[in-house]
Amino acid sequence: MWYAVGVNRESEQTMKAELIDGKALAAETRAKVKAGVAELKAKTGVTPGLGVVLVGDDPASRSYVTAKERALEEAGMRSVDVRLGAETTQEELLAVIARLNADPQVHGILVQLPLPRGLDADAVIEAIAPEKDVDGFTPINVGKMILGQDCFLPCTPHGVLRLLGQAGANTRGAHAVVVGRSAIVGRPLANLLSRKAPDGDATVTLCHSATPDLARFTREADILIVAAGRPGTVTGDMVKPGAIVIDVGVNRVPDPTAQRGYRLRGDCDFESVAAVASRLTPVPGGVGPMTIAMLLENTLKAAVRAAGGAS
Ligand code: GUN
């Protein structure tokens, strides 16, 4: 859904961009998942269950996990919450994964990243049964994604594709520039956008922290996806007029006037980018809600499969 925006008084810059409403699209998606959950329960008696593992006490991770658990409950799914202290050993964590792998009531497993120092995230992810890997992080799922085979797509990149669809973006033949090469967002997105597919077929440039003169590339982007993890990475002067910009960043910026003492900021300088782009995701209310919606979709898909369905 679009809503027009007018003059931003703070910066005196005219906002040209229409905002891409991730919150509304996520609500729509979650309603569909909820209906799917009810149907599965009615047909098979199966309630989709997700094992949600949080290790340590990182405040941002805690709030993401809480939001995911709330969404699961709201969709009629079961969340099996596992909270472990920061001192948890690799062996203890692997034992938890083994238990969740073996539990027939658990159809999906999510280990919130990053893990505390000293834990080997790669080994933990690799221990997750691929058929329960609703984050799409295991080597099997990543390999299938790259090969274009059916798999669980990682939630944030998948959510970005849906937002581009919602924005009416024509990815075919477009130049998509992805800023950030994380294994969770940047690299899978670059791959998905270059697939031979209705939501792919883009020419993709992947930029990262070692890219000299970032603006040279971002200014060429018809579709610009910013997932650098640093506020202010992209400013308006770095954006091609009329580009579609997806801001994946979620940064806590200290703000004594805010109730919680911080404000959420994306990786883009919102005001200056909104003055140049044609469409832009806000932070919050853009990519974040779609990540959760895609997690719910994947969990339902895992449960349907486990119940013998084809989804
Ligand atoms: N940390 C940041 N994003 C994600 C995500 O999508 N899944 C998990 N498990 N951890 C994350």
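Annotations
- Every condition in (1) touching a residue at least 24 places away in the same chain (Cβ under 8 Å); (2) among the small types (Gly, Ala, Ser); (3) in a helix (DSSP H, G or I) is met by Ala86 except one, and the failing one is (3).
- Residue pairs meeting the criteria (Cβ under 8 Å; at least 6 apart or on separate chains; first under 29 Å from Val283 (Cβ atoms), in region 136-160; second within 10 Å of the ligand (Cβ to nearest atom) and among the hydroxyl-bearing types (Ser, Thr, Tyr)): Cys155/Thr291; Thr156/Thr291; Gly159/Thr291
- The residues of region 246-298 that are over 20 Å from Gly165 (Cβ atoms) and within 12 Å of the chain's Cα centre (by Cα), listed by number, are Gly249, Val250.
- In region 251-262 there is at least one residue matching the filter, namely being more than 14 Å from the ligand (Cβ to nearest atom), among the aromatic types (Phe, Trp, Tyr) and surrounded by fewer than 17 Cβ atoms within 10 Å (Cβ to Cβ).
- Residues being more than 23 Å from the chain's Cα centre (by Cα), of a type in the set (S, T, N, Q) and not in a helix (DSSP H, G or I) - total across region 97-122: 1
- Residues that are over 15 Å from Arg305 (Cα atoms) and within 18 Å of the chain's Cα centre (by Cα) were ranked within region 123-138; the one that is farthest from the ligand (Cβ to nearest atom) is Thr138.
- Test: Arg260 is more than 22 Å from Ile184 (Cβ to Cβ) and part of a helix (DSSP H, G or I): no
- Test: residue in region 178-196 that is basic (Lys, Arg) and free of Cβ contacts under 8 Å to residues at least 40 places away in the same chain: yes
- Conditions (1) away from the ligand (no atom under 16 Å from the Cβ); (2) buried (at least 24 other Cβ atoms within 10 Å of the Cβ); number of the one not met by Thr233: (2)
Each value in this text was obtained by applying a stated rule to the coordinates, not by laboratory testing. Predicted, not measured: the structure shown is a model, and the values here were computed from it. Using ideal geometry, Cβ is built from the backbone for each residue, glycine included, and neighbour counts are taken over all protein chains shown.
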